[in-house]
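Okay, structure first, notes after.
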Amino acid sequence: MKTAKPRHSFAFLGVFLLVLVVYPRAGAQAPTQTKARQVVLKGARLIDGTGRPAIENSVLVIEGKQIVAAGKAGAVSIPKDAAVEDVSGKTIMPAIINLHGHLGLSNNGADSAAGHYTEENVAKQLNKYLSYGVATMASFGQDDDLIFSIRADQHAGKIGGARFFAAGRGFLEPGKANPADHRYRPQTAEEARADVRELATHHPDYLKMWVDDGLGHGTKMKPEIYRAIIDEAHKQHFRAFAHEYYLADAKSLLAAGLDGFAHSIRDQAVDNELIAAMKARGVFLIPTLVRDEVLFAYADNLKWVDDPFFQAGLEPGALAIIRSSQTVDKIRQDPDIAKYRAGLEMAKKNLKALSAAGVKIAFGTDSGIPTRFPGYLEHRELQLMVEAGLTPMQAIVAATGTNAEILGGAKQFGTLQAGRAAEFIVLDANPLDDIRNTEKLSAVWQAGKPVPSVSAKSTSTRASRQ
Ligand SMILES: [Zn+2]
């Protein structure tokens, strides 16, 4: 780095960024010989993601890719040579973490033909997430094995966008497989164990399976299969998460040692037996309320479909697909549409009950499946969680500190504390007053610098700052 005398302006940041981009990967240590100039954002309301009350008039000190101090003005001193930006009136909160998403299953977000599972397309979706302030996502199965080399490329700094974790292919009940669907479909417990061991050779971050009968239209994975999968996953030292729908299956999965629920329970109200079993082992639940809302949102033309912040991030052609009579008629003619609506209402009631009982509530959307758009849906999910009765702070903590802890990254990212990655969003209004204010996205920061973010004011992404 040049030793030009530092000035208190962001003109310096240009030089600063050139130095940073050669560092190997997000989260990696910067070489100590090139100590980066510190950057300070002062005056904002700071929501740190731990659940502690927001700090009014905060000071956030960033060095390289990391936060070195965060706290109240006066309590945190501003380093002498730091580049200081006054962000009074703004709110800063950690970047969102989506614990349930999918990659490579669509090209423009709405289409679903096979052949999209490429590194280029996955990278495009990771960048889409990031542009909406989602800096971490967890792919929950339906991956090709290619995901593991893409993950290695991301760790090597070859692709950017949101940091991701991956389950790999995932496990489904046996049946006719679509050739583009590479999920494991074990017929016996022995096959299930062999498949888990094969998966283990790729070092997945966790395992995902589906235990559901699609509202009675399909076959459900047999208990002896999922028991073998969970047991073998634990023997291979990774956790097992399940797509589930019914309360009875949830209890049976818990008894088998399941580590997390990928969706809400939607057939009936949760009970004390379930709550006690979840709390005993710290098992989390990801509500994915927006997943159920999308099942009818485009036919109902819900208000958010017209939201400029939603439309600003859409790829060319996507809006035409979700507004087409083909899409709308298909939804309207779906005989299960009343069940989807009822399922969402049950999911909301259960979320409120589980949260009140102290069960660990995670955050995820199931975005990345065609017509479930990465990036925007995470903001909509926060709104639905608040509609369900959570406070904005509870929804934000689920999406930040709690999810980071579940992913084993609590010391690295997810909260705005010293030693964590400088990954956050800057908002023009306070989401604790109205959770919809997360859409008032002023800037997205990753690895200690602003990155291009979606703006509701235009229909394209923009660089939030030079
Ligand atoms: Zn999913």
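Side notes on the structure shown:
- In the chain the longest region clear of trypsin sites (Lys or Arg not before Pro) that are loop-assigned by DSSP and have at most 11 other C-beta atoms within 10 Å covers 177-456.
- Rounded to 5, percent antiparallel among DSSP beta bridges of the chain: 45
- Values of log10 I(q)/I(0), in the order q = 0.08, 0.11 Å⁻¹, for the chain under a Debye, Cα-only, solvent-free model: -0.46, -0.87
- Amide H contacts under 5 Å for Q66: A422, restricted to partners 5 or more places along the chain or on a different chain, H placed in the peptide plane at 1.01 Å from N.
- With N the number of residues in segment 65-130, Rg(Cα) / (2.2 N^0.38 Å) evaluates to 1.80.
- Normalised contact order of segment 255-375, rounded percent, pairs of Cα under 8 Å and 6 or more residues apart: 42
- Helices that extend 27 Å or more along their long axis by alpha-carbon positions and average at least -0.5 on the Kyte-Doolittle scale are, among the DSSP H runs of the chain, 337-356.
- For the chain, calculated [θ]222 nm from helices alone, where every DSSP H run of n ≥ 4 adds -39500 (n - 2.57): -9000 deg cm²/dmol
- The D306 and K279 beta-carbon pair, evaluated with R₀ = 45 Å, returns a calculated FRET efficiency of approximately 0.65.
- Relative to the current alpha-carbon distance between L215 and K352, full extension at 0.36 nm per residue lengthens the span by 47.0 nm.
- Volume in Å³ per residue [convex hull over Cα atoms, computed for segment 166-217]: 94
- Rel. contact order, % - alpha carbon contacts under 8 angstrom, at least six apart, segment 96-406: 22
- Per-residue extension of 0.36 nm, minus the Cα-Cα distance of N272 and N57, leaves a gain of 73.2 nm for this segment.
- Size of charge dipole - the chain - debye, nearest 20, with Cβ of Lys, Arg +1 and Asp, Glu -1, no other charges: 1680
- Ordered from highest to lowest accessible area with the whole protein assembly present and a 1.4 Å probe, L105, L289 read as L105, L289.
- Mean projected area of the convex hull spanned by the Cα atoms of segment 87-207, taken over all viewing directions: 9.1 nm².
The values are calculated or read from the model by the stated rules, or taken from the named source; none is laboratory data. Not measured: the values here are computed from a predicted model. Virtual Cβ from ideal backbone geometry, glycine too; neighbours counted across all protein chains shown. Please note that ligands, DNA and RNA were not included when accessible areas were found on the heavy atoms of the full protein model with its side chains. Shrake-Rupley method; radii C 1.70, N 1.55, O 1.52, S 1.80 Å.
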